[in-house]
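*Asks:* The structure follows.
The values are calculated or read from the model by the stated rules, or taken from the named source; none is laboratory data. Bear in mind the structure is a predicted one, so any value in this text is a computation, not a measurement. Cβ atoms come from the backbone with ideal geometry, glycine included; neighbour counts cover every protein chain shown.
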Amino acid sequence: MRAQRCYLITRCENCKIPFYFKALQKTKRCPNCNKLLILSKLNILYKADSAEEALRIVLKLKQPDESIGIIEASKIIRDEEF
């Protein structure tokens, strides 16, 4: 997977809402609270090969806990990968 086509999923450090961004991005404003986030300082939860896949993961994370289900274990980022 090439980094420029990879999308990463994290949560805002301020409001905890999940969102995705391109792997090469440095900063992003939280879509919920508008806080400017330095992406390299955030914990990465998942990776996705496309924006559509990243959106699906974010939508699942936004659902109440009992309806999240299982997201593929292969999508979980380990600390040693980044």
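*Asks:* Just for the range 42-63: of the residues that are part of a helix (DSSP H, G or I) and within 10 Å of the chain's Cα centre (by Cα), which one is farthest from L8 (Cα to Cα)?
*Replies:* By that ranking, first place goes to L61.
*Asks:* Exactly one of these conditions fails for R29: (1) loosely packed, with under 13 Cβ neighbours inside 10 Å; (2) at pLDDT below 95. Give me its number.
*Replies:* It fails just one condition, (2).
*Asks:* Which pairs have Cβ atoms under 7 Å, sit 6 or more apart or on different chains, and link a residue in the range 37-54 that is surrounded by fewer than 16 Cβ atoms within 10 Å (Cβ to Cβ) to one that is aliphatic (A, V, I, L, M) and assigned to a loop (DSSP other than H, G, I, E, B)?
*Replies:* D49/M1
*Asks:* Right, something else. Residues of the range 1-12 being assigned to a loop (DSSP other than H, G, I, E, B) and farther than 18 Å from Q63 by Cα, which ones?
*Replies:* To start, the set of residues in the range 1-12 that are assigned to a loop (DSSP other than H, G, I, E, B) comprises 1-2, 6, 12.
Hits for the range 1-12 are M1, R2, C6.
*Asks:* Taking only the range 13-41 into account, find how many residues are aliphatic (A, V, I, L, M), assigned to a loop (DSSP other than H, G, I, E, B) and within 18 Å of L55 (Cβ to Cβ).
*Replies:* Within the range 13-41, residues that are aliphatic (A, V, I, L, M), assigned to a loop (DSSP other than H, G, I, E, B) and within 18 Å of L55 (Cβ to Cβ) number 2.
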